[in-house]
Amino acid sequence: MRPFGPPLRLRRPREGQGLLNPWLFWQYLHNMIGSVVTASFVMASVGAFYLLSKRSEEYGRTFVRLGVSAGMISTFLMAFPTGDGQGKNIAWHQPPTLAAMEGLFKTEDGAPLAIVGQPDLAADVIREIIGRAGAPRVEHRHQQPPNSLHVVGTHGRLCGRRQTAEWAV
């Protein structure tokens, strides 16, 4: 018997249900490209070690050239399209997560963007370390239901869309 909550019941998902998950495509690509970024840094660093220790210099040059090239390409792919697609999924399916990622403690129109900041939980603000900019807004064009929050953030401008982030409280 479990001490808390309802009894645990396991159920078998329907066949193909996992392949229809809207998160699967972007998460898989983002994860795989992240492994290429990591491998590129390892390869370039091993090549740099070979060059600095003056052993197997031909391999070292090849490792550095290939590691830096693959690392640069895969780093750009991490941001767009895979990071962008993942960000759009978060804005659409999990607006509170988007607000937390952007450091928004309260809803406001034209929420400021702290490039680098330190959260002050006592005052519910982000203390800026490196500059602020006027942030664009994430907003839906749906009617706002009663007892809901309207989140404002920066993701809309980054995606080139205006989206709503509403959820019941």
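Where a number appears in this text, it was derived from the coordinates with a stated rule and is not lab data. Worth saying up front: this structure is predicted, and the values here are computed from it rather than measured. We place every Cβ from the backbone using ideal geometry, glycine too, and count neighbours over all the protein chains shown.
Remarks
- Between V125 and R11, the simple spin-label model (points 7 angstrom out along Cα→Cβ) gives 4.8 nm.
- Gain on full stretching of the segment that runs from K106 to N21 - 0.36 nm per residue minus C-alpha separation: 27.5 nm
- Taking 0.36 nm per residue of separation and subtracting the Cα-Cα distance, full extension of the segment from I73 to F41 would add 10.3 nm.
- Amide H contacts of V125 (H built 1.01 Å from N, under 5 Å, at least 5 apart or other chain): D120
- Residue-wise HN-Hα coupling along the stretch 96-104, computed from phi with Karplus coefficients 6.51, -1.76, 1.60 (Hz; x: Gly, Pro): x, 5, 4, 4, 5, 5, 8, x, 8
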